[in-house]
Amino acid sequence: MVASFGLVETSVAVAAGPTGRQAVAASAQPFKWTGTAIPSGAARPNLISCPSSTYCVAIDRASSMIYNGTSWTRAVPIDGSGLTALSCPTVGFCLAVGQNVALTFDGQTWSAPKEITPAGTFLGSVSCASPSFCVAGGAEPVFQSPESNGFAVSFDGATWSGPTYLSATAATSVSCPEVGFCVFGSGGGVSVFDGSTWNNRPGFPADNVRAISCISRTFCEVLDGAHAITFDGTAFDQDAPVIDDSFGLTAVACTSRTRCVAVNFAGLAVIYDGVTWSSPVATGLGSPSLSCAGPTFCAAVDGTGKAAVLNGSVFTVTTLPKANPRLSSVSCSSRTFCAAVGQLGDAVTFNGTSWSPPVSAAPGRNLVTVSCTSSSFCAALSDDEDSSDVVTFNGTGWTAPAPNPVARLVSVSCPSSHFCAGVTNPGYVVTFNGSTWSAPRFVGESLRSVSCVSASFCVGLQGATAMVFNGTSWRRSRTLFDDTNSLTEVSCSSTTFCVAVDGAGRAYTFSGSAWRAARSIDRSPGVFDLSVSCPVSSFCAAVDNKGRVTTLRSNGTWTAPTAVRGASNLTSVSCSSNAFCVAVDANGKAFVGRR
């Protein structure tokens, strides 16, 4: 389905550019944009919560969907990158956490992510007894907190409080069966919240906590990987049975003293009847997220596009509805070829007329950046915590993800199929020679974006300034300083022309020897993220998170920001010439601008 979204752009006179890309001189034609919904691909939720047998919410990094007791609704967009835990205490309210952010769901839409703990912390679990009482568990690196690094934060329906440090190891699970009572687990054991204070509970008969499920103040099941340990609010069962010989238990959900279900990493479930645990039952999934409601109902998802529903003792597996991909980066080598990538490892291509259905280029990964030199070569990177995957496109398909030894790659630029440069938040650079990627090289902290015009010229951004690569070494620019420390993206069309943009809506222009002072190009309220593309030295296009676009005129001035009809959160733009641009948003849409 294609909808026309006309836009409005002031015409620009453009001279021939130095890069050899086509330039259109003195065009009087305005830019016209057309919005297209990218074809749907498989939704792959990996988190689920069910407050009843007729209402479950499942989410992945890009979308959420609802189960009504019979079927699953079509997915709706969610900014879910890095989410690790979900809790829905009632129909129409959910809270999800991950990294250091939280999102809430009102039954119709998800809020934007909100930072609730300091940068660098990690939230891994959450439990809500009601919409006005939730507790999330997390971890802070030991070097930031010498006393301990496992903590809890609480939500009262409006604000977050904490953190309260409870353990020397990371939080692994939390369960709040009622307002004013929670049980918190970590590698260090169990702590209990009684409505006013947290207290450690000694006597836990295992080395660590994998999962906790409580139905009241006096009944919880605590898993350590092999055992199901009953906790009555005061003491632990010291003779807990082994219910998984593989020591692979990952989740448990109890709905009464006579009904609990536990699952392991292999997708096997065991069921408790109040006296004994059953033999393993296949769920039909991999390592699932599990939620149970009522006496006989459970639902599970595993991030593969399938869900399993348990009614009684048998799991039924269903393929989930498709979802539009949540795109984060686009690159166009010509008017007839573009590639875009996004969360969950989805990738799509454009042939000048239509977009392909999404393919899973890096399953389960968060692809954040792509660079294409032609219709037969693109490189895309993920930004995962431990190591980043690199995938390349050869004109017909994407290679299998190749792990890169450096973590958190955030930007890549490929001027040719024989040279690419990728940069990381910690300040490392890796390069590609056409067949292999180099070992990481440290050049400076917090690199955010890179643009290369050849193997001997690249520019990388460092928050407040820039680094320039001459083919051998990187050097810091002495003529660029962003007082907001929020430089977000750079685009170079030659060694004598680059534009960098920041989170305050400003642009800086590079002449080959120096950067020109900041110029405000987008004063739209609420703008905090710009993307820019400069195919020639006399034309650039920049898009913002409010769905607006502004372009650089040949006289060096920028047009006023103008809304692209149908666009909301534009995440990336790529122009192959001054007459062709493509922008993508976070809602599964692409917008093609032509003269």
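Scanning segment 99-132 for residues that are surrounded by 13 or more Cβ atoms within 10 Å (Cβ to Cβ) and not hydrophobic (A, V, I, L, M, F, W, C) yields a count of 14.
Can you pull out the residues in segment 569-595 that are part of a loop (DSSP other than H, G, I, E, B) and of a type in the set (A, V, I, L, M)? Let's see the steps before the verdict.
Residues of segment 569-595 part of a loop (DSSP other than H, G, I, E, B): 569, 578-579, 586-588, 595.
Result: A579, A586.
Please verify whether segment 558-565 includes one or more residues that are under 16 Å from A507 (Cα atoms), touching a Cys at 6+ places or on another chain (Cβ under 9 Å) and of a type in the set (S, T, Y). No, that holds for no residue. Could you please find all residues in segment 207-234 being among the small types (G, A, S) and more than 34 Å from the chain's Cα centre (by Cα)? Matches in segment 207-234: S216, G233. Within segment 100-132, being under 21 Å from N569 (Cα atoms) and in a strand (DSSP E or B) holds for V101, A102, L103, T104, F105, W110, K114, E115.
Kindly evaluate A504 against the criterion of being free of Cβ contacts under 8 Å to residues at least 60 places away in the same chain, hydrophobic (A, V, I, L, M, F, W, C), open to solvent by 10 Å² or more (accessible area, probe 1.4 Å) and touching a strand residue (DSSP E or B) at 6+ places or on another chain (Cβ under 9 Å). The answer is yes for A504. Scanning segment 372-390 for residues that are open to solvent by less than 30 Å² (accessible area, probe 1.4 Å) and at pLDDT 90 or above returns C372, F377, C378, A379, A380. Of the strands (runs of 3 or more DSSP E) entirely within segment 399-498, those holding at least 3 residues that are hydroxyl-bearing (S, T, Y) and open to solvent by less than 60 Å² (accessible area, probe 1.4 Å) occupy 409-416, 449-454, 487-494. Applying the condition of being part of a loop (DSSP other than H, G, I, E, B), out of contact with any Lys or Arg (no Cβ under 8 Å at 6 or more places or on another chain) and small (G, A, S) to segment 41-85 and asking which residue is least open to solvent (accessible area, probe 1.4 Å) yields G69. Cβ separations smaller than 7 Å between residues 6+ apart or across chains give the following pairs from segment 551-562 residues that are touching a residue at least 12 places away in the same chain (Cβ under 8 Å) and farther than 17 Å from K32 by Cβ to residues that are in a loop (DSSP other than H, G, I, E, B) and open to solvent by 30 Å² or more (accessible area, probe 1.4 Å): S554/A13; S554/A15. Counting residues in segment 526-542 that are open to solvent by 30 Å² or more (accessible area, probe 1.4 Å) and in contact with a Pro (Cβ under 8 Å, 6 or more places away or on another chain) gives one or more.
For the criterion of being in contact (Cβ under 8 Å) with a residue 12 or more places away in the chain, open to solvent by less than 20 Å² (accessible area, probe 1.4 Å) and touching a strand residue (DSSP E or B) at 6+ places or on another chain (Cβ under 6 Å), V135 passes. Taking the criterion of being under 20 Å from T54 (Cβ atoms) and touching a residue at least 40 places away in the same chain (Cβ under 8 Å), the residues of segment 256-270 that qualify are S256, V261. If you go through segment 69-97 and keep only what is at negative phi, at pLDDT below 90 and not aromatic (F, W, Y), you end up with T70, S71, T73, R74, A75, V76, P77, I78, D79, G80, S81, L83.
The listed residues are T353, T369, T349, and the only one of them that is without any contact (Cβ under 8 Å) to a residue 60 or more places away in the chain, in a loop (DSSP other than H, G, I, E, B) and either under 15 Å from A583 (Cα atoms) or open to solvent by 10 Å² or more (accessible area, probe 1.4 Å) (or both) turns out to be T353. Of the residues D194, D245, D273, D239, the single one that is within 19 Å of S127 (Cβ to Cβ), without any contact (Cβ under 8 Å) to a residue 40 or more places away in the chain and acidic (D, E) is D194. Looking for whichever is free of Cβ contacts under 8 Å to residues at least 12 places away in the same chain and either under 24 Å from S328 (Cβ atoms) or of a type in the set (A, V, I, L, M, F, W, C) (or both) here; the options are T104, T121. Which one fits? The conditions single out T104. For S371, the requirement of being within 22 Å of V532 (Cα to Cα) and of a type in the set (S, T, N, Q) is met. All of (1) buried (at least 24 other Cβ atoms within 10 Å of the Cβ); (2) within 24 Å of P113 (Cα to Cα) hold for F31 with one exception: (2).
The values are calculated or read from the model by the stated rules, or taken from the named source; none is laboratory data. Here the structure is a predicted model, which means the values were calculated and not measured. Here Cβ is always computed from backbone atoms with ideal geometry, including for glycine, and neighbour counts include all displayed protein chains. For accessibility, only protein heavy atoms count, side chains too; no ligands or nucleic acids. Shrake-Rupley method; radii C 1.70, N 1.55, O 1.52, S 1.80 Å.
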